[in-house]
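J.: I'd like to ask some things about the structure below.
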Amino acid sequence: MKNGSIVADASPLIYLAKADELCLLDELFEEVYVPLRVYEETQVKSYLEDARRIRETEFLKICRLNNDEELLIEKIHKENKIKEADCSVIAFYLSRGLDYALFANTDAVKVASRLNVNVINPFELGRFMFDEGSLEEYAIRLKSAGYLTKQMSEFLDLVNLNKSKNRSYL
């Protein structure tokens, strides 16, 4: 069963592309939106493999924002001093009544949460999909792509602790 609709920021898209896990978004959500500003940010280094993967991902819906959303971006940006692309994700979520916003940037997460945006991060996507063993592999792929949160680090530490305990019983 899919989990409604989501709007994605650039950083998580790049991490998922580097980990070769963009397909998770399609498996988990009915609609995956990417504001044009965000998409352009993912293509700054268009020669990189992750940019190519994002560019070739057909289920991503690249969207222009309307005038009201542009005004909301300006307001959020002025009040919070986060990147305009981050503001566009928040504005898109709020104006279109989506189910989730995908962020990796801590400052953007704080602002979005304060505005009652239902935020999810790349590691939490894996928690929707995988059992513990597969989640460990997913977390390792994300980490090798450069993404690491406290939550993910604690999970990996716990897995390693359990493995070392199991070895000591042998």
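The values are calculated or read from the model by the stated rules, or taken from the named source; none is laboratory data. Everything numeric here is computed off the predicted structure, so don't read it as measured data. Note that each Cβ is placed from the backbone with ideal geometry, even for glycine, and that neighbours are counted across all protein chains shown. Heads up: the accessible areas ignore ligands, DNA and RNA and are worked out on the full protein's heavy atoms, side chains in. Shrake-Rupley method; radii C 1.70, N 1.55, O 1.52, S 1.80 Å.
J.: When you scan region 154-170, do you find a residue that is over 13 Å from the mean Cα position of the chain (by Cα), among the hydroxyl-bearing types (Ser, Thr, Tyr) and modelled with pLDDT of 85 or more, even just one?
T.: Within region 154-170 (the criterion being over 13 Å from the mean Cα position of the chain (by Cα), among the hydroxyl-bearing types (Ser, Thr, Tyr) and modelled with pLDDT of 85 or more), the answer is no, since none of the residues qualifies.
J.: Scanning region 68-123 for residues that are out of contact with any Asp or Glu (no Cβ under 6 Å at 6 or more places or on another chain) and among the aromatic types (Phe, Trp, Tyr), which turns out surrounded by the fewest Cβ atoms within 10 Å (Cβ to Cβ)?
T.: The residue in question is 100.
J.: Then there's this: Against the condition of a type in the set (Val, Ile, Thr), in contact (Cβ under 8 Å) with a residue 60 or more places away in the chain and farther than 21 Å from residue 148 by Cα, how does residue 34 come out, does it pass?
T.: Considered against the rule, which asks whether it is of a type in the set (Val, Ile, Thr), in contact (Cβ under 8 Å) with a residue 60 or more places away in the chain and farther than 21 Å from residue 148 by Cα, residue 34 comes out as no.
J.: I've got another one for you. Condition first: charged (D, E, K, R) and open to solvent by less than 70 Å² (accessible area, probe 1.4 Å). Can you find one or more residues in region 57-65 that meet it?
T.: No.
J.: Need at least 1 residues that are within 18 Å of residue 40 (Cβ to Cβ) and either in contact with a Ser or Thr (Cβ under 6 Å, 6 or more places away or on another chain) or touching a residue at least 12 places away in the same chain (Cβ under 8 Å) (or both) per element, so show me which helices (runs of 4 or more DSSP H) inside region 59-170 make the cut, counting only ones lying wholly within it.
T.: Result: 67-80, 84-96, 106-114.
J.: Just one of the numbered conditions (1) part of a helix (DSSP H, G or I); (2) open to solvent by 40 Å² or more (accessible area, probe 1.4 Å) is not true of residue 2; which one?
T.: If we test residue 2 against (1) part of a helix (DSSP H, G or I); (2) open to solvent by 40 Å² or more (accessible area, probe 1.4 Å), just (1) comes out false.
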